[in-house]
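Novice: Take this structure first; my questions come after.
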Amino acid sequence: MKKIFWLAPLGALLAIQFIRPDMSNPPVDPAQDLAQVLQPPTEVQGILKDACYDCHSNETKYPWYSQIAPVSWWLAGHIREGREKLNFSTIGALPAGDRAESMSEAAEAVQEGEMPLNSYTWTHASARLSDAQRNLLVNWLNANGEGEASPANGEAAESGHVHSEDD
Ligand code: HEC
């Protein structure tokens, strides 16, 4: 009798494995990527890669459990939504004003602790930002956001050295 209780959910779990979400990465044009367009300092680029790129770029790294339904559906939803809101791989395609707006929005999301998503930092230790990393990232994003004289290409790298309360 007890066996039945196990078999039904197990069967369901096996059955849903056939429903696979699209987990492919769209092609990447490095010339359009944030790294090229705004040329952040290496440390900032590292933080973005570790804490944001899996959901906000076309360079998602899918962990093994991302292949297993229903986790796969949940993660694919995050990635689709994340890319829709902000995609660092295609940031070069945005008009400068929209790009600055995105950077300001990102600064706010990070400052408020909204991003990276908690469900992500639980499973990705390198995405847990220290206060210093958070400050560095927020300052850089703001320096490239609205309200600041948005630096043009190239000079952006210089403005990356903003005065953060680094220790
Ligand atoms: C696990 C996936 C994931 C990671 C990692 C992640 N995000 Fe997001 N992000 C999302 C999703 C999903 C949304 C859309 C839903 C929402 O706003 O909560 C979003 C929305 C946003 C938005 C739009 C917010 C708004 O108010 O509309 C910004 C800006 C953003 N993320 C920036 C970042 C930055 C910067 C990082 C890295 C520090 C980051 N995200 C890391 C999944 C992620």
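Novice: Working only within segment 107-145, note down all residues that are in contact with a helix residue (DSSP H, G or I) (Cβ under 7 Å, 6 or more places away or on another chain), over 12 Å from A51 (Cα atoms) and not aromatic (F, W, Y).
Specialist: Once the filter is applied, which keeps residues that are in contact with a helix residue (DSSP H, G or I) (Cβ under 7 Å, 6 or more places away or on another chain), over 12 Å from A51 (Cα atoms) and not aromatic (F, W, Y), segment 107-145 yields A107, Q111, L136, V138, L141, N142, A143, N144, G145.
Novice: Scan the helices (runs of 4 or more DSSP H) fully inside segment 1-112 and keep the ones with 2 or more residues being free of Cβ contacts under 8 Å to residues at least 12 places away in the same chain and buried (at least 17 other Cβ atoms within 10 Å of the Cβ).
Specialist: By residue number, 42-51.
Novice: When S119 is evaluated against the numbered criteria (1) over 23 Å from V37 (Cα atoms); (2) more than 7 Å from the ligand (Cβ to nearest atom), which criterion, by number, is the only one it fails?
Specialist: (2)
Novice: Still on this structure, I have one more. Those residues that are among the β-branched types (V, I, T) and farther than 11 Å from A69 by Cβ, I need them from segment 1-31; list them, please.
Specialist: I4, V28, listed by residue number.
Novice: Follow-up question, since we're still on this one. Within segment 24-48, count every residue that is within 10 Å of F88 (Cα to Cα) and within 11 Å of the ligand (Cβ to nearest atom).
Specialist: Total meeting the criteria: 2.
Computed from the coordinates by the stated procedures, all read-outs in this text should not be read as laboratory data. Since the structure is predicted, the reported quantities are computational estimates derived from the model, not experimental observations. Glycine gets a Cβ as well: all are built from the backbone with ideal geometry, and neighbour counts include every protein chain shown.
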